[in-house]
Amino acid sequence: MPPEASRDPLSGPPRTCTAPPDVTDSCPDTSLSITAQDESDDLSGGSATRFERALSLVLIAAVFAALGMTIFIIVSPGEGEKFTEFYILGPTGKATDYPTEFMSRTPQTVIIGIGNHESRDITYTVETFAVESGFDSAKNRPTVVSAMLLDRFSVTVPDNRTVEQPYTFRIEDPDVNRLEFLLFAEAPPEKISLDSLIGAGYRNLHLQLRVH
């Protein structure tokens, strides 16, 4: 009679083998090979687990690094464009009612505004000129017939601040038809030629006048 199938809790399902009558034990013991296979599976599973943990740590570190860079960019924004605002308002502080027509030698007032966005405190220089201007049709641009310096004064404006201050002037000559405002961020030139007066400043403004 053939021997009964051997049962081993490590060998899985029952295994049946047939042996010749003169052989008492012909079924090889596979428990060792199965156990070795199980241990190999455990080792490979452990390696995979360690790899996944290492990968997770790398991903977490990358997320924190990206978050830190984003916070740095928000806290330390890039340097923007540097510029200066230069404008004139009417005597009421609005962009209306400019004194453009008046009698000679009568005091007239405007408000000069300077906005500093140059990333540093600046002491500006303002120069005003009473100008008699014409027009060069060949060059299609205004020309300066004569110009007289009316005033020169300094205005200190801290960075990212705007200063507005009234300015009063008098025009003596009825031939004057233009009031030129020149703003300098550095020291102004000692002498400005008539040809280069219009546009000679770092910023330039003017009022067209009719003086009686």
Check your understanding: Over what distance in Å are the Cα centres of region 161-189 and region 85-108 separated?
Key -> 11 Å
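Cβ under 10 Å from Asn116's Cβ, Asn116 left aside: what net charge do those residues give with Lys, Arg +1 and Asp, Glu -1? Don't jump to the answer; show the numbers that get you there.
On the way: positive: Lys82, Arg120, Arg161; negative: Glu85, Glu118, Asp121, Asp159.
Here the count lands on -1.
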Exercise for review: Report the charge-dipole magnitude of region 83-211 in Debye, nearest 20, computed about the Cα centre from +1 at each Lys and Arg Cβ and -1 at each Asp and Glu Cβ.
Suggested key: 160 debye
Study note, to complete from the structure: Residue by residue through region 159-172, the couplings from Karplus 6.51 cos²θ - 1.76 cosθ + 1.60 with θ = phi - 60°, in Hz, x for Gly and Pro, are 4, 6, 10, 10, 10, 10, 8, x, 9, 10, 9, 10, 10, 8
**Study point:** Label-point separation in nm, Ser193 to Ser56, each point 7 Å along Cα→Cβ
**Key:** 7.9 nm
Review point. Going through region 112-212, which GluC sites (Glu not before Pro) have at most 10 other Cβ atoms within 10 Å and a DSSP loop state?
Key: Glu186, Glu190
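FYI, it's all coordinate maths here, none of it is from the lab. Remember, predicted model here, so these are calculated numbers, not experimental data. Every residue, glycine as well, gets a Cβ built from its backbone with ideal geometry; the counts of neighbours run over all protein chains shown.
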